[in-house]
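The values are calculated or read from the model by the stated rules, or taken from the named source; none is laboratory data. Keep in mind it's a predicted model, so treat the numbers as computed, not measured. Glycine also receives a Cβ, built like all others from the backbone with ideal geometry; neighbour counts cover every protein chain displayed.
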Amino acid sequence: MNPRDFKTSRNPLRMKIRQKIDIKNLTLDDLTELLGGLGKERFRARQLMQWIYRHGVVSFDAMTTLSKEFRRELAQIAFISTLTPQVVEESRDGTRKFLFLLGDGESIEAVRIPMDKERATLCVSTQVGCAMGCAFCLTGTLGLRRNLDTAEIVNQVCAVMAEEPVGNIVFMGMGEPLANFDNVVKALNILQMEEGFDFSARKLTISTCGLVPEMKRFGEGCSVGLAVSLNAATDEVRDRLMPVNRRYPLAQLMAACRGFPLKQRQRITFEYILIQEVNDSLEDARRLVRLLHGVKAKVNLIPFNEHPASSFRRPPEDRIEAFQKHLLDRGLVAVRRASKGEDISAACGQLKGSRERRDEADGLDKAAVG
């Protein structure tokens, strides 16, 4: 996808500027339009993006190829936001989990997962909390507090890449990406800019719980990878695990997957969290094979990551292996995703939740002392 080909539904730059604009909320087209309104040449937008994303500059004063007058003009109408981790947890396997405090006091998580000595995947959040209410997801217990703006999504990448390299980015952290459609698409545009991080489409993946109308819209404009959180092969089980299935049951979801535009070598990734005695039997595996028939699919098998807030349990190793073997024997690409960060707050939302519980306890203690 050319990052300038996909247009979002709103353009706040057409409105009169009443307050300073966060440059990291802008795509290259947005910034070009803004600067054009100030009588500046088109190439100035490219210069700014290069300074911000290639060089990591967070102050207009540091942009030495721009005139002092231009820098003063920019400082009057705009600023460059940043995020700094408040907490970083590191696992024995090299997984690093970051807790970022936002300007309004809310917090989000991002996770850098090492794949090997040279490659790493960064998992970023798109919302504070989540409205989808999936039974296995700790973030869902927080409820939806708000969408992240584009800058808050992009700044997770900026903060981590300032310290260490990242090869792939997956939008699989807190929140449902397609429920924050415009801001997520703008973030993708920024991440793919030649003047910025220059990520190719195959290095980016969006995960969804199955918002069928948004999947169609997304497929029409973007060519990055799609992952679908599936987790069951019957409506009965998926209704129990994922309330979204009552709106868009499996028949509708699979029709959307079969109609999703894919490049020749692309597949849709189906995430399947294995939960003991819920969806991990051989009969579940047989149903999954039938459900995915005719879909260019890859299945990520993810043993449930146990945490105190859930009664669900991880299946025994023999059941996990038998489930995967059945899929492989029937010709499905089925990868068991290695568990990472098990010695830290690895479940999505766990670090945020534990910090909030601690802060609440501290507040009660202080009130009692007062």
**Message:** So the check is Cβ under 8 Å with 6+ separation or different chains; which pairs have a first residue in the stretch 238-259 that's within 20 Å of L274 (Cα to Cα) and a second one that's surrounded by fewer than 22 Cβ atoms within 10 Å (Cβ to Cβ) and of a type in the set (S, T, N, Q)?
**Reply:** L250/T234
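Here's the yes/no breakdown for (1) out of contact with any Phe, Trp or Tyr (no Cβ under 9 Å at 6 or more places or on another chain); (2) within 18 Å of L122 (Cβ to Cβ); (3) not assigned by TED's automatic domain parsing to the domain that holds A110:
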{"position": "R145", "(1), (2), (3)": "yes, no, no"}
{"position": "E152", "(1), (2), (3)": "no, yes, no"}
{"position": "C158", "(1), (2), (3)": "no, yes, no"}
{"position": "M161", "(1), (2), (3)": "no, yes, no"}
{"position": "N168", "(1), (2), (3)": "no, yes, no"}
{"position": "L178", "(1), (2), (3)": "no, no, no"}
{"position": "F181", "(1), (2), (3)": "no, no, no"}
{"position": "L188", "(1), (2), (3)": "no, yes, no"}
**Prompt:** Listed residues R247, R313, R287; which is among the charged types (D, E, K, R) and within 14 Å of C134 (Cα to Cα)?
**Reply:** R247
**Message:** Can you report the number of residues in the stretch 34-86 which are over 20 Å from A151 (Cβ atoms), outside any helix (DSSP H, G or I) and either assigned by TED's automatic domain parsing to the domain that holds K97 or hydrophobic (A, V, I, L, M, F, W, C) (or both)?
**Reply:** 2
**Message:** Report every pair of residues separated by at least 6 positions or lying on different chains whose Cβ atoms are under 6 Å apart, first residue within the stretch 201-213 and under 18 Å from C257 (Cα atoms) and in the same structural domain as V166 (by TED's automatic domain parsing), second in a helix (DSSP H, G or I) and modelled with pLDDT of 95 or more.
**Reply:** I206/P177; T208/L178; C209/V244; G210/V244; G210/L253; L211/L178; V212/Q252; V212/A256
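Per-residue answers, yes or no, for (1) crowded, with 20+ Cβ neighbours inside 10 Å; (2) more than 21 Å from M193 (Cα to Cα):
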residue	(1), (2)
L31	yes, no
G39	no, yes
A45	yes, no
I52	yes, no
S59	no, no
**Request:** Test T150 against the stated conditions and say whether it is farther than 17 Å from L99 by Cα and crowded, with 21+ Cβ neighbours inside 10 Å.
**Result:** yes
**Message:** Please determine whether any residue of the stretch 292-315 is assigned to a helix (DSSP H, G or I) and either modelled with pLDDT of 95 or more or over 19 Å from C222 (Cα atoms) (or both).
**Reply:** no
